[in-house]
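One structure is given here, and the rest of the page talks about it.
The values are calculated or read from the model by the stated rules, or taken from the named source; none is laboratory data. All figures in this text were calculated on a predicted structure; none of them were measured in a lab. Glycine gets a Cβ as well: all are built from the backbone with ideal geometry, and neighbour counts include every protein chain shown. Heads up: the accessible areas ignore ligands, DNA and RNA and are worked out on the full protein's heavy atoms, side chains in. Shrake-Rupley method; radii C 1.70, N 1.55, O 1.52, S 1.80 Å.
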Amino acid sequence: MTPSPTLYTVREIADILRIHPRTAYRLVQEGKIRGIKVGSQWRVPESSLLEYIEYGLQAAPKKEKKDGKDGPEQLKLPI
């Protein structure tokens, strides 16, 4: 028997991405994060969430730091 894929609720997606639940709902509804509608609620497979995050990492422009400071690089997801 194959294991069931991990499915997240829109609220869980919002918590993981640290965004407002309405923003997460809009991303799923617009198809930017692929989801499955079960009744009236959305479920997002873990693979779709990882795909969305990976796309954001690939789409982030590579910039050289102007100030020369070391620190974490800020990346933007396509919201």
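Note on surface exposure: R22, R43, R11, R34 rank R22, R11, R34, R43 by accessible area, highest first, 1.4 Å probe.
With R₀ set to 35 Å, the beta-carbon distance separating S40 from L75 gives a calculated FRET efficiency near 0.60. The amide H of Y8, built 1.01 Å from its N in the peptide plane, has V44, E46 as neighbours under 5 Å, considering only residues 5 or more places off or on other chains.
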